[in-house]
Amino acid sequence: MMKIAVAIDGPAAAGKSTIAKKVAEQLGMVYIDTGAMYRAFTWYCMYKGVNCEDEAACCALIPEVNIELKPNRVVLCNGIDVTREIRLADVSFNVSFIATYKDIRLALVDLQRKMAESDSVIMDGRDIGTYVLPNAEVKIYQIASVECRAKRRYDENISKGIPCTMKDIEEDVRRRDYIDSHRDFAPLKQAEDAICLDTSDMTIDEVVAEVIRIIKDKTEQLEEK
Ligand code: CDP
């Protein structure tokens, strides 16, 4: 397959990473979870005892943070395996503050663009199609109702042994959606050329099949040119 980039954006817990990971495996592409990078940065601020609402103090840590994405969704922050920690509720809460800080976004976007230089990638997040990779060959905006998203995240957390309640998850999802779509710099919104996929009534396999169909159609069109 020719080298392409696929951007998958959408609100919190829409199942983007589950889909992106499976599609990447089936098509032999590299999966880049940008949310994990914002989460790892947040974890580091908390680890250092810095208040996540203090923009200047958090941004001051930029030069000392080194985030690496490894196979199987393993995330390293300055060499420490934070794969599990970054999914805990306090990180989910604080990441919304961190994700509004422009200097942190610029540093992480720089890293994301470098990661997409050499391979075919599927990158998921909030601003991939609109800001990080505006020339991505395929852009998907994946949505689902708040109730579906909260239920999916609840099931995911319970299966990973991460304690939570449906009520708290639903509140967190609504709160993060609001903050993500109202921030000034690179907010969550559908790119004009993105295909919107409402996955509320779809199974994981159905969404994976649909995304693969969209990617194959697009690559065939490009190869014909
Ligand atoms: O998986 P979930 O939808 O819960 O979130 P995530 O993709 O792990 O992202 C965690 C947080 O990082 C989100 O709530 C966003 O505030 C932020 N984020 C962002 O601002 N831009 C991105 N490209 C990816 C994530």
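Just so it is clear, none of the values below were taken in a lab; they were calculated from the coordinates. Please read these numbers as outputs of a predicted model, since none were measured by experiment. We place every Cβ from the backbone using ideal geometry, glycine too, and count neighbours over all the protein chains shown.
Worth a mention:
- Summarising the amide proton neighbourhood of residue 32: residues at separation of 5 or more, or on other chains, whose placed amide H is nearer than 5 Å comprise 122, 123, 124.
- Using Cβ point charges alone (K and R +1, D and E -1), the dipole size of the chain about the Cα centre works out to roughly 300 debye.
- Antiparallel DSSP beta bridges within the chain, as percent of all bridges there, nearest 5: 25 percent
- Judged by the gyration tensor of its Cα atoms, with axes a ≥ b ≥ c, region 93-225 is oblate; a/c meets the 1.5 cut and b/c is at least as large as a/b.
- Here the gap between residue 225 and residue 3, fully extended at 0.36 nm per residue and compared with their Cα-Cα distance, gives a gain of 78.4 nm.
- Between 0 and 90°, nearest 10: helix 102-115 axis offset from the chain longest Cα axis: 40 degrees
- Most fluctuating residue given options 21, 114, 139, as computed from a GNM of the chain linking Cα atoms under 10 Å: 114
- Extending 7 Å from Cα along the Cβ direction at residue 190 and again at residue 56 yields two label points whose distance is 4.2 nm.
- Sequence-ordered 3J(HN,Hα) estimates for region 198-209 from the Karplus curve with 6.51, -1.76 and 1.60 and θ = phi - 60° stand at 8, 9, 3, 9, 10, 7, 4, 4, 5, 5, 4, 4 Hz, glycine and proline given as x.
- Whole-Hz ³J(HN,Hα) from phi, Karplus 6.51 cos²θ - 1.76 cosθ + 1.60, for region 93-98, glycine and proline x: 5, 6, 4, 4, 5, 4
- 3J(HN,Hα) along region 128-139: 5, x, 8, 10, 6, 10, x, 9, 3, 5, 10, 10 Hz, from the Karplus curve 6.51 cos²θ - 1.76 cosθ + 1.60 with θ = phi - 60°, whole Hz, x for Gly and Pro.
- Straightening the chain between residue 166 and residue 178 buys 2.5 nm, computed as 0.36 nm per residue apart minus the Cα-Cα spacing.
- Per DSSP, loop GluC sites (Glu not before Pro) in region 30-85 with at most 15 further Cβ within 10 Å: 53
- A full extension of the chain between residue 209 and residue 93 corresponds to an added length of 38.5 nm, given 0.36 nm per residue minus the alpha carbon distance.
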